[in-house]
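I have placed the structure first, in the form of structure tokens, so that the comments after it can refer back to it.
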Amino acid sequence: MFPFKKKNIMDVRTYGDQGLKKKSAPIKEVNNEIRKIASALIETMRADDGVGLAAPQVGLNIRMVAIGCAAVRKEADMAMLSPGERELLPRMPIVLINPKIISSSKVTDIHDEGCLSVPDIFAPVERPVSVVLEAGIIDGELVRAECGGFLARVLQHELDHLDGTLFIDRLEPEILEEIKPELEALKKLGHKKNFIKKAGGSLL
Ligand SMILES: [Zn+2]
């Protein structure tokens, strides 16, 4: 435990917090306050080893998400990526303003997801493998690009947060049933800090 809390790091709300269930409001103007929130969102995501963090997870119901997918190291690997990954991965971490998914692929896949707001729980979620994203980049241009790979999954998970949806809302009923005791325990504990991260799991 660290005795001091860094100024720019916010508390992450966990399952049971009512703000996580709300639909968030669009951002009308990128002003200094929004810029401050954006940088705190990135710092908080980094401090908690997340690859994504949505504003409602820190108690702010505005349409803003931070994404911190790993950048691609090798030039050769870039050719394999979707246009959106090629455009966005080199700029990580980024903050998206009023992001929207314009369309989703019919093809889906299933992967385990975790969430900073649902600590210690990982479960398989089916999602489209690729989405067309339209979003403002803070202090940047408007992007519209088809995103695949892990980025597609992170985007869908984070944008769900803006509509009050958690990944556990997308689980098969029998899987949800299995994790119910853990969810109930989490709700009772309320704010849970310093949770144990499972090896290999990504927190979104
Ligand atoms: Zn999440």
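We did not get these values from a lab; they are worked out from the coordinates using the rules stated. Since the model is a prediction, treat every value here as computed from it, not as a measurement. Cβ placement follows ideal geometry from the backbone for every residue including glycine, while neighbour counts extend to all protein chains displayed.
What percent does the relative contact order of the stretch 50-104 come to when contacts are Cα pairs within less than 8 Å and at least six residues apart?
Contact order relative to length: 37 percent.
Rounding to the nearest 20 debye, state how big the charge dipole of the stretch 1-67 is about its Cα centre with +1 on each Lys and Arg Cβ and -1 on each Asp and Glu Cβ.
Using Cβ point charges on Lys, Arg, Asp and Glu, the stretch 1-67 gives about 180 debye.
Using 26 Å as the Cα-Cα cut-off, could you pick out the over-long pairs in Lys22/Lys188; Lys106/Lys187; Lys22/Lys187; Lys28/Lys100; Lys28/Lys106?
Violating the 26 Å Cα-Cα cut-off are Lys106/Lys187; Lys28/Lys106.
Output the DSSP H helices from the chain with an along-axis C-alpha extent of no less than 27 Å and a mean Kyte-Doolittle hydropathy no less than -1.0.
Flagged H segments: there are none.
Sort 30-41, 170-181 by packing, meaning the average of other beta carbons within 10 Å per residue, with the highest value first.
Top to bottom by mean Cβ count within 10 Å: 30-41, 170-181.
I need the shape label for the stretch 65-113. Rule: rounded when a/c is under 1.5, else prolate if a/b > b/c, else oblate, with a, b, c from the alpha carbon gyration tensor.
Oblate shape, in that a/c is at least 1.5 and b/c is the bigger or equal ratio.
Suppose we keep just the DSSP beta bridges with both residues in the chain; what percent of those would be antiparallel, to 5?
In the chain, DSSP labels about 90 percent of beta bridges as antiparallel.
What spacing in nm lies between the two simple spin-label points modelled at Lys7 and Ser39, each 7 Å away from Cα in the Cβ direction?
My value for the distance between the label points is 1.0 nm.
Tell me, what is the percent relative contact order of the stretch 1-130, built from C-alpha pairs under 8 Å that lie six or more residues apart?
23
Rounded to the nearest 500, what is the 222 nm mean residue ellipticity of the chain from helices alone, with -39500 (n - 2.57) per DSSP H run of 4+ residues and division by all residues?
Mean residue ellipticity at 222 nm (helix-derived): -8500 deg cm²/dmol.
Charges at C-beta only: +1 for Lys and Arg, -1 for Asp and Glu. How large is the resulting dipole of the stretch 57-151 about its Cα centre, in Debye rounded to 20?
180
Rounded to the nearest 0.05, what FRET efficiency do Asp112 and Leu142 give with R0 = 30 Å and r taken as the Cβ-Cβ distance? Could you check?
Efficiency, rounded to the nearest 0.05: 0.40.
Does the stretch 1-143 classify as rounded, prolate or oblate by the C-alpha gyration tensor (a ≥ b ≥ c root eigenvalues; a/c under 1.5 gives rounded; else a/b over b/c gives prolate, otherwise oblate)?
rounded
Rounded to the nearest 5, what % of DSSP beta bridges with both residues in the stretch 93-182 are antiparallel?
Among the beta bridges of the stretch 93-182, antiparallel pairing accounts for roughly 100 percent.
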